[in-house]
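Working notes, structure below.
Computed from the coordinates by the stated procedures, all read-outs in this text should not be read as laboratory data. The structure displayed is predicted, hence computed values, not measured ones. Note that we place each Cβ from the backbone using ideal geometry, even for glycine, and neighbour counts take in every protein chain shown.
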Amino acid sequence: MPSLISLSNQPAMRLATVPHYTERRRRQRSLRDFCRKLAREAVRSLYQELVLYPKPGLVSLVDNGSHDDMDASTFMRSLFSLRHYFVEIAEAGTRGAPFSELKQLGIKAEQRMLRATCGINTHRGAIFGLGMLCAALASCRAQGMTLSPQAVRATLLIQWGDALTAHTSPSPSTGDAGSNGLRVAAHHAVGGAREEGALGFPSVFDIALPQLQTTLDAGRDWQCAKVDALFALMAHVSDTNVYHRGGNAGASMVQARSRAFMADGGTGNINWQAQAEACHREFVRHRLSPGGAADLLAAACLMHAICVDNDFAVLKA
Ligand SMILES: CC(C)(COP(=O)(O)OP(=O)(O)OC[C@H]1O[C@@H](n2cnc3c(N)ncnc32)[C@H](O)[C@@H]1O)[C@@H](O)C(=O)NCCC(=O)NCCS
Ligand SMILES: Nc1ncnc2c1ncn2[C@@H]1O[C@H](COP(=O)(O)OP(=O)(O)OP(=O)(O)O)[C@@H](O)[C@H]1O
């Protein structure tokens with residue numbers, strides 16, 4: 001039996017017996033596992049959004065809402081195509097990668113999405129919102145910080161706030177071709193996803209996440225929580241998808257109908273299901289699709305899952 005000393009002369013053994021080396025390897029493995037877990041939660045949150053019904057104007061397992069060009073299977077192919085992206089952007093977050101690197105990962109993810117959907121834009125806003133949150137969550141974890149909503153939002157703004165602000169006024173040189181959101185921003189002075197990101201996703205942290213918790217604390221189920229959070233988002237968010245399809249009139253209708261639903265008690269109202277389905281039919285009649293609210297709901301579902309997993313109390317609405 002060779003002595004431990006002779007074995008320890010081997011390079012591999014020398015490293016392996018050095019405590020901080022094993023600690024570093026353990027920590028790296030733990031971070032990789034966390035990034036994979038984040039990615040699973042992000043994909044699961046996109047699925048949670050897809051299967052919600054009633055979801056006014058939007059695609060679900062029940063119908064295609066205001067869309068002729070996509071259905072639930074389009075979204076399923078799309079969310080599955082993003083499974084590696086969320087790992088990649090989380091790992092970039094652990095390194096504190098610059099926004100330019102996150103942006104390239106986002107663009108690659110959009111290309112994977114478009115290949116999976118034969119060119120249909122199913123999750124462009126979600127790639128941005130959930131991608132940035134995964135990067136911020138992973139950065140918090142790498143720094144040994146808590147994963148509280150406050151810490152995640154502060155980390156996102158500290159690490160990438162300036163770049164996200166610059167991202168609200170894109171220039172052709174940065175490869176920002178025209179988009180529906182940019183055209184809406186120019187025509188209606190509505191900031192959309194870019195402004196939401198630059199402000200640290202206030203609609204997720206200050207509206208949707210507290211609403212999820214308020215409905216759950218009232219004793220209602222997860223479907224009710226997601227419905228109330230979606231209506232709360234539609235009541236407040238300036239959704240460029242809605243402006244793009246329905247202009248100012250469409251945006252006013254979405255906000256007015258959503259505020260009325262919440263003022264009537266949301267899913268606490270005994271007739272909530274009939275009211276929500278009537279809203280769905282009205283939005284479909286007007287071809288309205290609050291896709292931005294749907295993306296933000298998925299982001300809130302991700303943050304809620306993290307809070308539950310880490311026993312963080314979510315502030316109520
Ligand atoms: C910022 C994004 C969403 C582009 O926004 P823009 O308004 O220019 O584009 P577009 O109209 O195609 O997409 C907007 C999407 O955001 C969603 N959305 C609309 N309004 C809002 C809102 N108020 N809040 C959040 N999301 C919204 C919609 O569902 C829509 O799909 C993003 O896709 C982008 O910049 N992509 C390039 C790659 C990148 O920079 N990624 C960043 C790292 S992930
Ligand atoms: N369940 C959903 N149903 C429809 N849209 C959704 C859903 N979930 C998220 N979205 C968001 O809404 C966007 C799709 O809306 P929309 O089709 O209006 O956008 P667009 O492709 O930019 O515009 P258009 O299709 O009118 O040319 C998706 O990119 C996605 O970000």
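Name the one entry in Ile107, Ile127 that is part of a helix (DSSP H, G or I), in contact (Cβ under 8 Å) with a residue 60 or more places away in the chain, β-branched (Val, Ile, Thr) and out of contact with any strand residue (DSSP E or B) (no Cβ under 6 Å at 6 or more places or on another chain). Before you say what the answer is, go through the steps one by one.
Numbers: Ile127 fails: in contact (Cβ under 8 Å) with a residue 60 or more places away in the chain.
The match here is Ile107.
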Quick check: is even one residue across region 168-181 in contact (Cβ under 8 Å) with a residue 40 or more places away in the chain, in a helix (DSSP H, G or I) and within 16 Å of ligand 2 (Cβ to nearest atom)? yes
Residues of region 67-84 satisfying the condition of being crowded, with 23+ Cβ neighbours inside 10 Å and assigned to a loop (DSSP other than H, G, I, E, B): Leu82
Could we say that Gly106 is within 28 Å of His67 (Cα to Cα) and buried (at least 17 other Cβ atoms within 10 Å of the Cβ) here? yes
Six or more apart or on different chains, Cβ under 8 Å: which pairs go from a residue in region 265-281 that's in contact (Cβ under 8 Å) with a residue 60 or more places away in the chain to one that's surrounded by 15 or more Cβ atoms within 10 Å (Cβ to Cβ) and of a type in the set (Gly, Ala, Ser)? Could you list them? Cys279/Ser258; His280/Gly57; His280/Gly65
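Which of the residues that make up region 43-61 are part of a loop (DSSP other than H, G, I, E, B) and within 11 Å of ligand 2 (Cβ to nearest atom)?
First, pick out the residues of region 43-61 that are part of a loop (DSSP other than H, G, I, E, B): 52-61.
Correct list: Leu52, Tyr53, Lys55, Pro56, Gly57, Leu58, Val59, Ser60, Leu61.
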Under the condition of being farther than 23 Å from Asn180 by Cβ and touching a Phe, Trp or Tyr at 6+ places or on another chain (Cβ under 9 Å), which residue from region 89-138 is farthest from ligand 1 (Cβ to nearest atom)? Thr94
